[in-house]
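Visitor: Here it is, the structure, as structure tokens.
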Amino acid sequence: MGIIAWIFIGLLAGLIAKALMPGKDPGGIIITMLIGIAGGLLGGWLGKVIFGVDSIDGFFDLSTWVAAIVGSIILLALYRLVTGNRRHA
């Protein structure tokens, strides 16, 4: 897959992760999109390392989308854990 496809998958995976984990995030939509892109890459890497499968087969393969969404959820949870509920006065 090309870089444009990965960006598109990451953007959608970030939105899906945000929908599955509702709540107020310290960052805005840009941070959510960046988390989605990085989460897609993380999910594909984890699929290869943990399960020994090529989870990045193609744009329309279910395994690609599941890996991207799971990776995005992991990164979104870590981001929320690290940043917490910081409130500016």
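Visitor: What are the residue pairs meeting all of these: first residue in region 11-32, first residue at pLDDT below 75, second residue open to solvent by less than 50 Å² (accessible area, probe 1.4 Å), Cβ atoms under 6 Å, and 6 or more apart or on different chains?
Guide: If the second residue must be open to solvent by less than 50 Å² (accessible area, probe 1.4 Å), the pairs left are Pro26/Thr83.
Visitor: On the given criteria, is Phe8 aromatic (Phe, Trp, Tyr) and modelled with pLDDT under 70?
Guide: No; evaluated as a whole, the condition is false for this residue.
Visitor: A further question follows. Restricting the first residue to region 65-84 and requiring it to be farther than 10 Å from Ile35 by Cα and of a type in the set (S, T, N, Q), which pairs with a second residue that is open to solvent by 50 Å² or more (accessible area, probe 1.4 Å) and at pLDDT below 85 meet a Cβ separation below 8 Å and a spacing of at least six or different chains?
Guide: Thr83/Pro26
Visitor: Determine whether region 68-84 contains at least one residue that is out of contact with any Lys or Arg (no Cβ under 7 Å at 6 or more places or on another chain), modelled with pLDDT under 80 and part of a loop (DSSP other than H, G, I, E, B).
Guide: Scanning region 68-84, I find at least one residue that is out of contact with any Lys or Arg (no Cβ under 7 Å at 6 or more places or on another chain), modelled with pLDDT under 80 and part of a loop (DSSP other than H, G, I, E, B), so the answer is yes.
The values are calculated or read from the model by the stated rules, or taken from the named source; none is laboratory data. Computed from a predicted structure; not experimentally measured. Every residue, glycine among them, receives a Cβ derived from its backbone with ideal geometry; neighbour counts consider all protein chains shown. Note: areas computed on protein heavy atoms with side chains; ligands, DNA, RNA excluded. Shrake-Rupley method; radii C 1.70, N 1.55, O 1.52, S 1.80 Å.
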